[in-house]
Amino acid sequence: MNKASVFLIGALVLSCLLPYGAFARQTPPDTLVINTRLGKIILISDSLQRFKAVNNDVLIRKALEMNTKDSLGRIQERTSVQASGTPAKKRPGQTRVFKLLPAFGAGLIRDKISPFLSLSLDFAPQRQDYYLKYSPEYTFINLGVSSFFTFLEDEAGAFHTNHNIFLEGSLGNRMNNNVNNYGNFSELAAGIGYLVYKEGTYFKGSTWKLFVSIGIKRSFIRIRPELYITDNFRKVFPGLTLKMF
């Protein structure tokens, strides 16, 4: 039994058996040192007579359990510091369950480059564990709107800007590469979108899109391969979007 166990036994006995009025009387405590084959047990109390009804095996087991929990806590804290280089601390805005995420970027839809703006609401109840306890990943749900601007040339050679708005929803995981190595990825998600506002003839009828979002490690860029289903499920064509937060 090491010195920490001996100290914890004394602390446990002091907290559990010492009467509330002991500090008021300021009487010197009694100390008993028991020599065993594995080491020494030190008992501290205002009266050693109180130990008559105490089972030594139960007392030792409780002290060892407390010592084990304390050791595991120190090991976990030390591992977190070594993995990240800095102790875990709360950073403003990063532990909110709900977050508004503005973004911009450009998408290749068929053969047209279409810049876009988007605003989404991010729901992640595990985000606090991710940042404060260094969990390896957390799950999120994202709901938002994306406004695409498509430039088309008419028969007279004049260019027009068409405005198309998609309502989008996605589900995925964000990874903490400081804890586990996920390669070059920091986010993987899948989602679906529906065209709620249409201008021009680029999209026809009911239009849906399926997409996968891939986050690049230590980057604010998301790569999104997309599949558009338009003209009431009659036409299908691919797309690719670069999204930046």
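Here, each number is a calculation from the coordinates, and none is a lab measurement. Bear in mind that the values here come from a model prediction, so they are computed numbers and not experimental data. Cβ: placed from backbone, ideal geometry, glycine included. Neighbour counts: every protein chain shown.
Quick check on the stretch 193-217: of everything there that is in contact (Cβ under 8 Å) with a residue 40 or more places away in the chain and under 30 Å from the mean Cα position of the chain (by Cα), which residue is nearest to V145 (Cα to Cα)?
My answer is G193.
Condition check ((1) in contact with a helix residue (DSSP H, G or I) (Cβ under 7 Å, 6 or more places away or on another chain); (2) of a type outside the set (S, T, Y); (3) farther than 18 Å from A106 by Cβ) across all residues:
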{"position": "S120", "(1), (2), (3)": "no, no, no"}
{"position": "R127", "(1), (2), (3)": "no, yes, yes"}
{"position": "S147", "(1), (2), (3)": "no, no, no"}
{"position": "G215", "(1), (2), (3)": "no, yes, no"}
{"position": "D231", "(1), (2), (3)": "no, yes, yes"}
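Kindly check whether there is at least one residue in the stretch 152-162 that is among the β-branched types (V, I, T) and under 35 Å from the mean Cα position of the chain (by Cα). Can you show your working first?
Pass one, the stretch 152-162, residues among the β-branched types (V, I, T): 161.
Among the residues that remain, those that are also under 35 Å from the mean Cα position of the chain (by Cα) are: none.
No, because not a single residue in the stretch 152-162 is among the β-branched types (V, I, T) and under 35 Å from the mean Cα position of the chain (by Cα).
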